[in-house]
Every structure is written in structure tokens, then in C-alpha cells.
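Below is one structure; the comments refer to it alone.
Read the figures in this text as sums done on the coordinates, not as results from a lab. In this text the structure is predicted, and so the values were computed from the model without any measurement. Cβ atoms come from the backbone with ideal geometry, glycine included; neighbour counts cover every protein chain shown.
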Amino acid sequence: MKNLYAPWRESFIEQLDTDKKKAKKCLFCQKPPEKDDANNFILDRAKHCYVMLNLYPYNAGHLMVIPYRHCKDLDLLEEHERLDLMNATAKATKILKETLTPDGFNLGVNLGKGAGAGIPGHLHIHVVPRWNGDTNFMPILADTKHISFDLAKLYQKLYRAYHPEKTKGRLK
Ligand SMILES: [Zn+2]
């Protein structure tokens, strides 16, 4: 078979290479293969995405739901990946409701640097529990405030809620 002359492919292939290089340096791509969920604060692994505690949270129990695939936009995900992402988000709110009894939630996706995404190349859904009397959403997204709680303890608590079968009878 003859090769078609398609010079535009070149930049497309270059782009793919750049995406691969970027994915190599991407924190959200690096964490799951390390298989060290406790130290990486990964709470749960679904088929196409995983759930991780945010290390720089806006509030206690701030989780992120992250597709395994390095992808910067919702429309670049396959339908089954989006479904998995949404199901994991719903589960995250359920787990947080049961463990931390918040008064509400802010769910958010910052697409692109201009929107304030910390890791703009790899999309992720923020799940932020809210309590009556904490600050409003906008200041919360604009600035990190000081939060006093122990991240490791919180991880244990949420991990137990995610995996009751694994943690039965252990730790209190
Ligand atoms: Zn990535």
C-alpha cells in the first residue's frame, strides 16, 4: 500500500508525542501506577478513574475524581469514561455525606489555566464538602485558606468508608 501524502499528519503526530511527554510529567498520571495508594492518598479506584484526597484542600474532605487517561477536556473522554467519572463523583458525595455529614457540596471542574486549573492538562472533578458557616464558594476557589485537620487521619476515615470489607475489625 502506498503512503498517502498527508503533511498535516506530521503536526498531529508531533502533538501526540508532546501529549505523551506531558503525560509522563503529569502528577495525575504518575500516582496510580505507583501502587502506593495510602501514601498517595488515593481512596478508591474505579474502572476508568480514581479518587484522591486533595493535598491542598479548600475544605476538609476535598476530594478529586480523576480519569486515568491524560485528557484535558470532558469532550475528549469516551462516553463510558465520562459515565464512570460521574458515578465515582456521586459515590464520593455519598461517602462524604456518611462520614463527615456536611451541609452541602460544591462540585467543580476548572478547564484550562484561565479557569484556575492547577493541572490544566489532566481534567479532574473537585468535590468540596461545605458546612453552614464556612466561607462562600468564590473565595474558596480563589484562595487556599488555612485548614486545621490531619490529612492522614482523614484518609483513614474515608478509606474505611470506601472499603468497609477490607477494614472490618481493624483500626477505629
Ligand atoms: Zn495526566
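Can you tell me the FRET efficiency between His163 and Tyr56 if r is taken as the Cβ-Cβ distance and R0 is 41 Å, rounded to the nearest 0.05?
Here the calculated transfer efficiency is 0.95.
All alpha carbon pair distances within the range 27-163 were sorted into 5 Å bins beginning at 0; the resulting P(r) in whole percents reads 2, 10, 21, 24, 22, 15, 6, 1. Each label was represented as a point 7 Å from its Cα along the Cα-to-Cβ direction; for Lys72 and Leu100 these points are 2.9 nm apart. Relative contact order of the range 27-163, taken over Cα pairs closer than 8 Å and 6 or more residues apart, is 29 percent. Distances between placed amide hydrogens fall under 5 Å for Gly104 paired with Arg130, all partners being 5 or more residues away or on another chain. If you take all other residues with their beta carbon under 11 Å from the beta carbon of Cys49, and give Lys and Arg +1 and Asp and Glu -1, the sum is +2. Shape call for the range 24-76 from the C-alpha gyration tensor, a ≥ b ≥ c root eigenvalues: rounded (a/c under 1.5), prolate (a/b greater than b/c) or oblate? Oblate is the answer for the range 24-76, as a/c is 1.5 or above yet b/c matches or exceeds a/b.
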